[in-house]
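Working notes for the structure below.
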């Protein structure tokens, strides 16, 4: 058979085309496989962007445990890795929850997403942001209270955030003096700062220059007050043992206080009506308050302590070793070196000190069974104080006087009737040995140095509550 040259050419061309197609498929396969191979290799080596590397950054947290009311609960490690990775991704895209209540927050300030690691306080969280652990403090609220029920509810809200990602929004200030980041805190469906106010678990505080949501916060607080929930719940006098140590300051109490300031009462002055537990050298004067350093957990009280700096060292004429509620209206008990001959101790004290607040801590010398006399004179002190535009605050007793603490019940009833603050010192000292009473005291009315320490701190907290409420 004759061999034609053009048949050989055709066979060569088909061979070349087949080879070209094979080479193209090979190139495409290489191009598709290379990125996956690099990513897998990088992930397995634990690169900076891998979940393993992010986990390593938080591994310094002891055993990856968080504190929940002294019970340590383990965080699921796998969940923590996924949440951390998600937080990093969301931070880069600056996503923001679609929550109607968020309209008040600034739209031009820094927004970060972090992972909540631990609850530090009722308004402070430890949060992992961009691989670094930071303390975040809620803007615009004050949740410091010794009201156990409110504390438990507030703590429960905060603990529900542990292990979750939150969006953190800056107002004007970046951090406070302690280095804590000041932020509005959001979950996917909740504005946490606002939620605490709406449920009466915190009070609104105006903290310039971070004021973007202050008006909205105050409105939420007023609704909680009107519903009498959380901090604003009005407990019954017969349940006085459940009343908080540090009271919420009602609108009626604020009105008395503000009216006093308008009438010229000194906002930096308070007076005390008291017996042996309040004499100078025992309640406030024993410490050199100019040099005394507050414990770290009470550092927030420093501005209040400074505010009343001129009062800590003075001796009120309404305090005496054997004073009763009746003594306050008897000129016989006057300090004649400072008071007029016919002045009552209360008249003289108000004239000398011009207080805006009156702390009433008295009753240890009351004769057993004489409840009606105590009730009448205690009410007289309260009414006199209100008539003179001074805010009265009644303190319960830790010494019983009689079984069942009937005087505490009377004082709580009076605080309830006049809608004024009750400083429940009885509750603050109840866990102390012998309820804070000196076991060597045969009279059974003197308290220990430890109890005095608690009384000083809680007294300062009560004054702080008034100043904070007045600033809203």
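If you check residue 411 against the conditions, is it in the same structural domain as residue 261 (by TED's automatic domain parsing) and modelled with pLDDT under 90? When the stated conditions are applied, residue 411 does not pass them. If I filter the range 130-143 for residues that are closer than 26 Å to residue 106 by Cβ, assigned to a helix (DSSP H, G or I) and either touching a residue at least 60 places away in the same chain (Cβ under 8 Å) or under 15 Å from the mean Cα position of the chain (by Cα) (or both), do I get at least one hit? No, the range 130-143 has no match at all.
In the range 314-426, counting only helices (runs of 4 or more DSSP H) that sit wholly within it, the ones holding 3 or more residues that are more than 34 Å from the chain's Cα centre (by Cα) and buried (at least 17 other Cβ atoms within 10 Å of the Cβ) span 345-353, 371-387. Taking the conditions (1) closer than 22 Å to residue 104 by Cα; (2) surrounded by fewer than 19 Cβ atoms within 10 Å (Cβ to Cβ) in turn, residue 179 satisfies each one other than (1).
Flag not set for residue 355, criterion: modelled with pLDDT of 95 or more, closer than 30 Å to residue 180 by Cβ and touching a helix residue (DSSP H, G or I) at 6+ places or on another chain (Cβ under 8 Å).
Would you confirm, using the coordinates I've provided, whether residue 227 is loosely packed, with under 15 Cβ neighbours inside 10 Å and within 25 Å of residue 462 (Cα to Cα)?
yes
The values are calculated or read from the model by the stated rules, or taken from the named source; none is laboratory data. Just so it is clear, the structure is predicted and the values come from calculations on it, not from any experiment. Heads up, the Cβs are rebuilt from the backbone with ideal geometry, glycines too, and the neighbour counts pull from every protein chain shown.
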